[in-house]
Amino acid sequence: MNKVVVGAQWGDEGKAKITDLLAQNADLIIRYQGGCNAGHTVVAHNKTFKFHLIPSGILYKGKTCFIGAGTVILPEYFEEEIQGLIKEGIDVTGLKINPLASITMPYHTEVDGYSESTATKGKIGTTKKGIGPTYTDKMARIGLKIQDLYSPELSEKLDIILPLKNKTLKEVYGLKTYTKEEVLDLCEKYAEIFKPYVCFDWQKVLEDAKRDKKAVLFEGAQGVMLDIDYGTYPFVTSSNPIGGGAATGSGYGPAMIDEVIGVAKAYVTRVGEGPFVTELTDKTGDKIREIGHEYGVTTGRPRRCGWFDAVTMKYAVLVGGLTSVALTKIDVFDTFDEIKVCTAYKDTRNGEIYTSYPTDVFIHKYLEPVYETHKGWGQDITGIKEYEKLPENAKKYLARLEELLEVPISIVSVGPDREQTIFK
Ligand code: GDP
Ligand code: IMO
Ligand code: MG
């Protein structure tokens, strides 16, 4: 069975924990989009590992881990991450990079920084890792791919790209321009960084795995509500975290995918700007943040917290292509008397009720959540390993979420560790 792990909210749902668990039974793990904007945490062997670009499956020896064509790679950050893993004694020989992946150049991070500075209106609250500008250049067909670093035609490509790039850097952003020599020097350095990992015969590796019916796990970053096409645009990232993104970003088509597992927290968090109808700016929000340790892995920013939003989640089931849900962090509610779930939005202008997600996010400021309230379970569930042993109120709560979402909750996570997982 080939599975996709997709974030079903605004990222940080606990995808890496689920990817790590499912990677045990996978032969090939492919990260299909995003870049080092991601911050993925895996807790195993009493150790905490943080990943940004490298697939979480790398912790198992002997697996092939691909950084797919749909990703963007910031070379210096990649090198730092690799060196960190090697220092921890992790075997990284299974890591491969698809040569079609895009490269984040220094001017991409500089443009991201400028766009997020006080010089502009309408900040997104990005991770400032150059993600948007790298994908922009890719789509504008003036980006550099990993394979370009080893191409005898690199110089010719730069003759096309650089004049355009420099014109926008100077005239639009008022930023530093780059000489061809500077870029060639950077490319030489990057070629060295990537050399041990670039897989020029990736087609053969993928073909062989397909023929031999190897188990493939597609690893997503970010989440459905940050998707460039379906998320809370413009407050999104610049790639397709949805299940469909696995087909474009991995090198395999949709027929390779058997299951799409959407990872969602029992509440919602978001970092950066953008609408968030169930956001709690009160003590309850603070309580969730403190118990759930909701601080960004990549930027350290406190995450905005709120109640579970079944309206966006139902939308995520549809556009994310989810076939089941892994619900994480329900243990965060162990001390809560009441737990709320948003089942609809009410428009404060005219009282209109939305049970489907309204995609024009500029009206979200007029929306307030309609909640139903569930009784808490008042006990520590972090050691429970079987579904049947969960307290009745927790089971009732999970059953209600399944009813609302119309997909099964196949995995329930009750703590950060690999062991703290219930397969239903
Ligand atoms: P990702 O980006 O989706 O991989 O998620 P992050 O790593 O950014 O954030 C999830 C955080 O929650 C990490 O610190 C995980 O170790 C932690 N975590 C994952 N699952 C659970 C769970 O079921 N309970 C608790 N308490 N923490 C969890
Ligand atoms: P993981 O994989 C949460 C958010 C940023 C910002 C928006 C655009 O750990 O779930 P970008 O730098 O991508 O251009 O920023 O997207 N964002 C994330 N939020 N988790 C992530 O990754 C994120 N990656 C990007 O905060 O709002
Ligand atoms: Mg994260």
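The rows are residues; the columns are (1) open to solvent by 30 Å² or more (accessible area, probe 1.4 Å); (2) within 16 Å of ligand 3 (Cβ to nearest atom); (3) assigned to a loop (DSSP other than H, G, I, E, B).
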| site | (1), (2), (3) |
| --- | --- |
| Leu53 | no, yes, yes |
| Glu80 | yes, no, no |
| Ile90 | no, no, yes |
| Thr93 | yes, no, yes |
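Only one residue in Ser117, Ser102 is away from ligand 2 (no atom under 12 Å from the Cβ), open to solvent by 30 Å² or more (accessible area, probe 1.4 Å) and among the small types (Gly, Ala, Ser). Which one?
Of the residues listed, the single one that is away from ligand 2 (no atom under 12 Å from the Cβ), open to solvent by 30 Å² or more (accessible area, probe 1.4 Å) and among the small types (Gly, Ala, Ser) is Ser117.
Assess whether Gly130 counts as being in contact with a helix residue (DSSP H, G or I) (Cβ under 7 Å, 6 or more places away or on another chain) and small (Gly, Ala, Ser).
For Gly130, the condition - in contact with a helix residue (DSSP H, G or I) (Cβ under 7 Å, 6 or more places away or on another chain) and small (Gly, Ala, Ser) - is met.
Residues are listed down the side, and each one gets a yes or a no for (1) away from ligand 3 (no atom under 11 Å from the Cβ); (2) in contact with a Cys (Cβ under 7 Å, 6 or more places away or on another chain); (3) not charged (D, E, K, R):
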position: Val4; (1), (2), (3): yes, no, yes
position: Asp12; (1), (2), (3): no, no, no
position: Gln24; (1), (2), (3): yes, no, yes
position: Leu28; (1), (2), (3): yes, no, yes
position: Gly35; (1), (2), (3): yes, no, yes
position: Phe49; (1), (2), (3): yes, no, yes
position: Ile58; (1), (2), (3): yes, yes, yes
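When you go through Thr104, Thr120, Thr127 one by one, which is the residue that is under 19 Å from the mean Cα position of the chain (by Cα) and farther than 26 Å from Gln203 by Cβ?
Of Thr104, Thr120, Thr127, the one residue that is under 19 Å from the mean Cα position of the chain (by Cα) and farther than 26 Å from Gln203 by Cβ is Thr127.
Condition first: charged (D, E, K, R) and crowded, with 21+ Cβ neighbours inside 10 Å. Now tell me which residues in region 256-278 satisfy that.
Lys265, Arg270
Take region 35-46 and flag every residue that is more than 7 Å from ligand 1 (Cβ to nearest atom), within 18 Å of Gln222 (Cα to Cα) and either out of contact with any strand residue (DSSP E or B) (no Cβ under 6 Å at 6 or more places or on another chain) or open to solvent by 10 Å² or more (accessible area, probe 1.4 Å) (or both).
Once the filter is applied, which keeps residues that are more than 7 Å from ligand 1 (Cβ to nearest atom), within 18 Å of Gln222 (Cα to Cα) and either out of contact with any strand residue (DSSP E or B) (no Cβ under 6 Å at 6 or more places or on another chain) or open to solvent by 10 Å² or more (accessible area, probe 1.4 Å) (or both), region 35-46 yields Cys36, Asn37.
Select, from Tyr397, Tyr357, the only residue that is closer than 21 Å to Gly223 by Cα, in contact with a Phe, Trp or Tyr (Cβ under 9 Å, 6 or more places away or on another chain), among the aromatic types (Phe, Trp, Tyr) and crowded, with 16+ Cβ neighbours inside 10 Å.
Testing whether each residue is closer than 21 Å to Gly223 by Cα, in contact with a Phe, Trp or Tyr (Cβ under 9 Å, 6 or more places away or on another chain), among the aromatic types (Phe, Trp, Tyr) and crowded, with 16+ Cβ neighbours inside 10 Å leaves just Tyr357.
Could you go through region 309-317 and let me know if any residue there is of a type in the set (Lys, Arg) and either in a helix (DSSP H, G or I) or surrounded by 24 or more Cβ atoms within 10 Å (Cβ to Cβ) (or both).
Checking region 309-317: at least one residue is of a type in the set (Lys, Arg) and either in a helix (DSSP H, G or I) or surrounded by 24 or more Cβ atoms within 10 Å (Cβ to Cβ) (or both).
Quick check on Thr232: is it within 16 Å of ligand 3 (Cβ to nearest atom) and either part of a loop (DSSP other than H, G, I, E, B) or in contact (Cβ under 8 Å) with a residue 40 or more places away in the chain (or both)?
No.
Looking only at region 122-147, filter to residues that are polar (S, T, N, Q), assigned to a helix (DSSP H, G or I) and open to solvent by 20 Å² or more (accessible area, probe 1.4 Å); which one of those is nearest to Ile193 (Cα to Cα)?
My answer is Gln147.
Among the candidates Thr126, Thr118, which residue alone is within 16 Å of ligand 3 (Cβ to nearest atom) and over 30 Å from Ala209 (Cα atoms)?
Just one listed residue meets the conditions, Thr126.
Filter region 228-256 for residues that are among the hydrophobic types (A, V, I, L, M, F, W, C), in contact with a Gly (Cβ under 7 Å, 6 or more places away or on another chain) and more than 16 Å from ligand 2 (Cβ to nearest atom) and give the result.
Across region 228-256, the qualifying residue is only Ala247.
Could you check, for region 7-20, whether at least one of its residues is more than 11 Å from ligand 1 (Cβ to nearest atom) and either acidic (Asp, Glu) or open to solvent by 10 Å² or more (accessible area, probe 1.4 Å) (or both)?
No.
Looking at (1) within 15 Å of ligand 1 (Cβ to nearest atom); (2) among the β-branched types (Val, Ile, Thr); (3) surrounded by fewer than 17 Cβ atoms within 10 Å (Cβ to Cβ), which is the one condition that is false for Val224?
Against the list (1) within 15 Å of ligand 1 (Cβ to nearest atom); (2) among the β-branched types (Val, Ile, Thr); (3) surrounded by fewer than 17 Cβ atoms within 10 Å (Cβ to Cβ), Val224 comes up short only on (3).
Only one residue in Glu372, Glu419 is in contact (Cβ under 8 Å) with a residue 24 or more places away in the chain, in a loop (DSSP other than H, G, I, E, B) and among the acidic types (Asp, Glu), so which one is that?
Testing whether each residue is in contact (Cβ under 8 Å) with a residue 24 or more places away in the chain, in a loop (DSSP other than H, G, I, E, B) and among the acidic types (Asp, Glu) leaves just Glu419.
Of Leu404, Leu398, which residue is within 29 Å of Leu21 (Cα to Cα), part of a helix (DSSP H, G or I) and in contact with a helix residue (DSSP H, G or I) (Cβ under 6 Å, 6 or more places away or on another chain)?
So the residue among Leu404, Leu398 that is within 29 Å of Leu21 (Cα to Cα), part of a helix (DSSP H, G or I) and in contact with a helix residue (DSSP H, G or I) (Cβ under 6 Å, 6 or more places away or on another chain) is Leu404.
Away from ligand 1 (no atom under 11 Å from the Cβ), closer than 30 Å to Lys165 by Cα, assigned to a strand (DSSP E or B) and open to solvent by less than 20 Å² (accessible area, probe 1.4 Å): is that true of Val72 in this structure?
Considered against the rule, which asks whether it is away from ligand 1 (no atom under 11 Å from the Cβ), closer than 30 Å to Lys165 by Cα, assigned to a strand (DSSP E or B) and open to solvent by less than 20 Å² (accessible area, probe 1.4 Å), Val72 comes out as yes.
Kindly provide the set of residues from region 8-66 that are away from ligand 2 (no atom under 14 Å from the Cβ) and of a type in the set (Ser, Thr, Tyr), ordered by number.
Selection gives Thr48, Tyr60, Thr64.
The values are calculated or read from the model by the stated rules, or taken from the named source; none is laboratory data. Only a predicted model underlies this, so the values are computations on that prediction, with no experimental measurement involved. All Cβ positions, even for glycine, are placed from backbone atoms using ideal geometry, and neighbour counts span all protein chains on display. When the accessible area is computed, the model is the full protein with side chains, heavy atoms only, and any ligands, DNA or RNA have been set aside. Shrake-Rupley method; radii C 1.70, N 1.55, O 1.52, S 1.80 Å.
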